[in-house]
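Read through the structure below, which is laid out as structure tokens, and then see the notes.
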Amino acid sequence: MSTIQVHNLRKVFPNGHEALKDLSFSIAPGTLVSIIGRSGAGKSTLLRCLNGILTATSGTIRINDIEVTAASPQERRELRRRIGFVYQEYNLVDRSTAFRNVLAGRLGQMPGLQSVLGVFPQADRMIALSCLDRVQLLHKAGQRADRLSGGEKQRVAIARALAQQPWLILADEPVASLDPELAHEVMRFLRAAATDTGLPVLVNIHDVALAQEYSDRIIGIAEGLVAFDGPPAELTRDVLRRVYRRDPRTLVGAEHMTPQSALALGGSLGDVAN
Ligand SMILES: Nc1ncnc2c1ncn2[C@@H]1O[C@H](COP(=O)(O)OP(=O)(O)OP(=O)(O)O)[C@@H](O)[C@H]1O
Ligand SMILES: [Mg+2]
């Protein structure tokens with residue numbers, strides 16, 4: 001059973017922006033943890049560090065006893081195969097069927113030639129079908145992805161992630177494009193991925209009420225730091241204020257910026273001064 005352990009994680013982008021300052025937490029198998037925080041707090045940066053798209057500046061991430069931050073190329077490949085990622089915009093192949101999209105989750109586990117030819121063994125087909133069944137979409141297996149509703153698309157994306165037989169699932173705002181009813185439905189299936197499959201599931205989410213309803217635990221990030229880490233019941237108004245507060249120093253990055261101050265910041269904004 002996998003655990004995720006993050007220790008003193010820091011991420012500074014090449015332009016000098018420190019998106020993650022110092023994050024530490026661990027996530028046990030079978031738990032759904034929601035990450036909340038205002039826009040720009042560093043939620044997506046955290047998930048991208050976890051799945052290895054971004055390299056941490058310092059600190060450590062351990063997934064299933066592989067240290068992501070010091071992984072060999074082979075370990076990195078294995079990790080990528082074993083991390084199910086669910087995106088806000090589904091990332092399905094529109095012209096392929098729901099079944100084919102889920103089957104794509106098996107690609108990482110197949111030998112090179114078979115995956116190039118797109119020839120899937122019977123066992124992989126069975127895995128794909130059972131994953132579709134788990135999101136209650138077996139009856140839509142043959143339907144083209146672009147003819148599915150938003151909620152169904154996201155359930156196919158969850159099934160595809162499950163078909164990877166992943167060590168964990170990361171979801172970056174998986175319900176942001178859905179109406180409230182479908183959002184509940186998708187959260188229920190993510191919840192089931194944690195409870196029934198015993199996976200750690202990490203969800204970036206803006207809807208605090210949904211986070212409270214479906215999570216075992218909530219981590220609030222503010223300005224690249226953990227501002228809250230605890231059960232939903234402890235997420236009081238005061239705590240929320242702390243999580244969603246704005247550091248006065250960042251105001252110059254938003255509505256308080258004028259063309260003059262942008263010019264004065266020069267290099268740190270890229271090439272506006274040149
Ligand atoms: N490649 C990059 N280079 C420089 N800065 C970046 C880069 N990616 C993200 N940032 C900055 O890092 C900060 C955190 O971004 P991130 O996308 O993690 O925020 P977020 O919490 O996911 O926000 P949202 O809720 O809007 O999705 C933001 O200020 C963003 O502009
Ligand atoms: Mg984001």
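The values are calculated or read from the model by the stated rules, or taken from the named source; none is laboratory data. All values derive from a computational prediction rather than experimental measurement. Please note: Cβ atoms are built from the backbone with ideal geometry, for glycine as well, and neighbour counts cover all protein chains shown.
Restricting Arg62, Arg77, Arg100, Arg10 to residues that are in the same structural domain as Ala128 (by TED's automatic domain parsing) and of a type in the set (Lys, Arg) narrows the list to Arg100.
Quick grid of which residues meet (1) acidic (Asp, Glu); (2) surrounded by fewer than 19 Cβ atoms within 10 Å (Cβ to Cβ):
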residue: Val33; (1), (2): no, no
residue: Thr45; (1), (2): no, no
residue: Thr69; (1), (2): no, yes
residue: Pro73; (1), (2): no, yes
residue: Glu78; (1), (2): yes, yes
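Scanning segment 186-241 for residues that are among the hydrophobic types (A, V, I, L, M, F, W, C), over 17 Å from the mean Cα position of the chain (by Cα) and part of a loop (DSSP other than H, G, I, E, B) gives a single hit, Leu235.
Report yes if Gly16 is within 15 Å of ligand 1 (Cβ to nearest atom), at positive phi, in contact with a strand residue (DSSP E or B) (Cβ under 6 Å, 6 or more places away or on another chain) and in contact (Cβ under 8 Å) with a residue 60 or more places away in the chain, otherwise no. It is false that Gly16 is within 15 Å of ligand 1 (Cβ to nearest atom), at positive phi, in contact with a strand residue (DSSP E or B) (Cβ under 6 Å, 6 or more places away or on another chain) and in contact (Cβ under 8 Å) with a residue 60 or more places away in the chain. Among the residues of segment 161-185, the ones that are more than 14 Å from the chain's Cα centre (by Cα), over 15 Å from Glu89 (Cβ atoms) and part of a loop (DSSP other than H, G, I, E, B) come to 3 in all. If the condition is being within 16 Å of the chain's Cα centre (by Cα) and touching a residue at least 60 places away in the same chain (Cβ under 8 Å), then segment 46-76 contributes Leu46, Leu47, Leu50, Asn51, Ile63. Would you check if there is a residue in segment 89-103 being aromatic (Phe, Trp, Tyr) and more than 19 Å from the chain's Cα centre (by Cα)? Yes, because at least one residue in segment 89-103 is aromatic (Phe, Trp, Tyr) and more than 19 Å from the chain's Cα centre (by Cα).
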